[in-house]
Amino acid sequence: MSQTASERIRLSEFARTPYLNVLTYPVLDIKVARSRLEQLEELGVEEVVFEGRTKIGRLGLVGIGTVSVVVRGVIGGRVHAVKIRRADANRESMLEEYRLTEIANRIGVGAQAFAATRDFMVMQLVDGEDLEDHLRAIRGVGTRARVREILHLLLNQCRKLDLIDLDHGQLSDLRKHVIMAGDMPYIIDFESSSQRRAPKNVTTASQYLLIGGRCAPFVKRLLGIRNQGPILEALKAYKKDRSDGNYARLLKTIGILI
Ligand SMILES: Nc1ncnc2c1ncn2[C@@H]1O[C@H](COP(=O)(O)OP(=O)(O)O)[C@@H](O)[C@H]1O
Ligand SMILES: [Mg+2]
C-alpha cells in the first residue's frame, strides 16, 4: 500500500476493528469506545479519514504524541484535526489544553481550536511540514531573507505568548511543536502549557533555533552569524527583563532589526 493511501469511514464504524485500535489507543476497550463515539457525535464529526505517514497498523494518522493521537475528522464537510486523548495519558481531560489553546488563539497564535470534550479536541488541520525540513529546503536567491522572516514570525509568536504569560512548555523541542504551512509557522500542542510560571517562549525557541538545537549551526550559517556571544547576552538580558527593548535587542543580534 502506498504511503498516501487513504481510508474514509463513517463515524459509526470507528468502534469496529481495526479502527477501534486508534479510537482507544493503546488498549482495546469497547466501553471506552462507546463513550468516545458519543463525544464525537456531540462534536459533529461525521467521518474519519485515515491518511498519513504515521501509522497504527495499516491506518494512517496525522500524528502520534505522548498523550494523544491525531486523526482527520470531517465536520460539516470540512476536514479538521481531531486530537484523541490516549487511554494511557497521564491527564484526565482535553479540556485544559483546549482552554489554553483558545487563549493562544485569541492573540493569533497556534492552530485554531474549535471545540473539545473530555477525550477530544477538534482543531484546524495544519497541512504542512517539519520546520527543519522546511528550512533545509530553502535555496537560492533570497534564502537569508526567507529564513530571517520565518524566525521573525516564530519569535513574534513566542513574544506574544510571553506578553500574556502563557508558557508553552515544550518549545525546547521545537521540531515537534512547529508545523510550517508554506512560510507560515504554526505552534502546536499546548498540552504542557501553563499560566502559572514565568514564560520562557522567546528564550527557549531562540535557544533551539540559534544556540543548541539540531538546526542551530545550519540556521546560523544561513544568517551569517559567526559569533553567538551577542545572542547569548541578549537572551540573558531578556530573561531578566522581558521588555520591548530587550526583545528588540535580541532581534537585532540575528539581523531581523537593524
Ligand atoms: N493541528 C494539527 N495539524 C496538523 N498536525 C497536527 C496538529 N496537531 C498535532 N499534529 C500532529 O500530531 C502529532 C502529535 O500531536 P501533539 O499535539 O504533539 O500530541 P501530544 O499532546 O500527545 O504530544 C504532532 O507531532 C503533529 O505531527
Ligand atoms: Mg506533543
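Remark: Lys55 falls outside the filter, which requires a residue to be out of contact with any helix residue (DSSP H, G or I) (no Cβ under 7 Å at 6 or more places or on another chain) and surrounded by 20 or more Cβ atoms within 10 Å (Cβ to Cβ).
For segment 221-233, the criterion of being buried (at least 18 other Cβ atoms within 10 Å of the Cβ), under 24 Å from the mean Cα position of the chain (by Cα) and closer than 17 Å to His152 by Cβ is satisfied by no residue at all. Do you know which residues across segment 45-76 are among the hydrophobic types (A, V, I, L, M, F, W, C) and more than 11 Å from ligand 1 (Cβ to nearest atom)? Those that are among the hydrophobic types (A, V, I, L, M, F, W, C) and more than 11 Å from ligand 1 (Cβ to nearest atom): Val45, Val48, Val49, Phe50, Ile56, Leu59, Val74, Ile75. Looking across segment 180-213, the residues that are more than 12 Å from ligand 2 (Cβ to nearest atom) and of a type in the set (Val, Ile, Thr) come down to Val202, Thr203, Thr204, Ile211.
The rows are residues; the columns are (1) in contact (Cβ under 8 Å) with a residue 24 or more places away in the chain; (2) more than 16 Å from ligand 1 (Cβ to nearest atom).
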residue: Arg78; (1), (2): no, no
residue: Arg85; (1), (2): yes, no
residue: Gly140; (1), (2): no, yes
residue: Asp165; (1), (2): yes, yes
residue: His168; (1), (2): yes, no
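Scanning segment 99-118 for residues that are within 26 Å of Val27 (Cβ to Cβ) and either buried (at least 23 other Cβ atoms within 10 Å of the Cβ) or modelled with pLDDT under 95 (or both) turns up just one, Ala116.
Could you tell me whether Tyr208 is touching a helix residue (DSSP H, G or I) at 6+ places or on another chain (Cβ under 8 Å) and aromatic (Phe, Trp, Tyr)? Full working, then the answer.
Numbers: touching a helix residue (DSSP H, G or I) at 6+ places or on another chain (Cβ under 8 Å): yes; aromatic (Phe, Trp, Tyr): yes.
Yes; evaluated as a whole, the condition is true for this residue.
Somewhere in segment 48-60, is a residue touching a residue at least 60 places away in the same chain (Cβ under 8 Å) and not assigned by TED's automatic domain parsing to the domain that holds Leu222? No, the conditions are met nowhere in segment 48-60. With respect to the conditions (1) more than 16 Å from the chain's Cα centre (by Cα); (2) at pLDDT 95 or above, Gly140 falls short on a single one, namely (2).
Can Ile107 be described as touching a residue at least 60 places away in the same chain (Cβ under 8 Å) and either within 27 Å of Lys240 (Cβ to Cβ) or within 16 Å of ligand 2 (Cβ to nearest atom) (or both)? Answer is no for this residue. Consider segment 121-135 and keep the residues that are surrounded by 13 or more Cβ atoms within 10 Å (Cβ to Cβ) and out of contact with any strand residue (DSSP E or B) (no Cβ under 6 Å at 6 or more places or on another chain). The one that is nearest to Val74 (Cα to Cα) is Gln124.
In segment 65-74, what residues are within 9 Å of ligand 2 (Cβ to nearest atom) and surrounded by fewer than 21 Cβ atoms within 10 Å (Cβ to Cβ)?
Initial filter on segment 65-74 (within 9 Å of ligand 2 (Cβ to nearest atom)): 65-68.
Once the filter is applied, which keeps residues that are within 9 Å of ligand 2 (Cβ to nearest atom) and surrounded by fewer than 21 Cβ atoms within 10 Å (Cβ to Cβ), segment 65-74 yields Gly65, Thr66, Val67.
For segment 17-47, a residue qualifies if it is touching a helix residue (DSSP H, G or I) at 6+ places or on another chain (Cβ under 9 Å) and of a type in the set (D, E, K, R), and the qualifying residues are Asp29, Arg34, Arg36, Glu41, Glu46, Glu47.
The values are calculated or read from the model by the stated rules, or taken from the named source; none is laboratory data. As the structure is a computational prediction, the values presented were derived from the model and not from experiment. Glycine also receives a Cβ, built like all others from the backbone with ideal geometry; neighbour counts cover every protein chain displayed.
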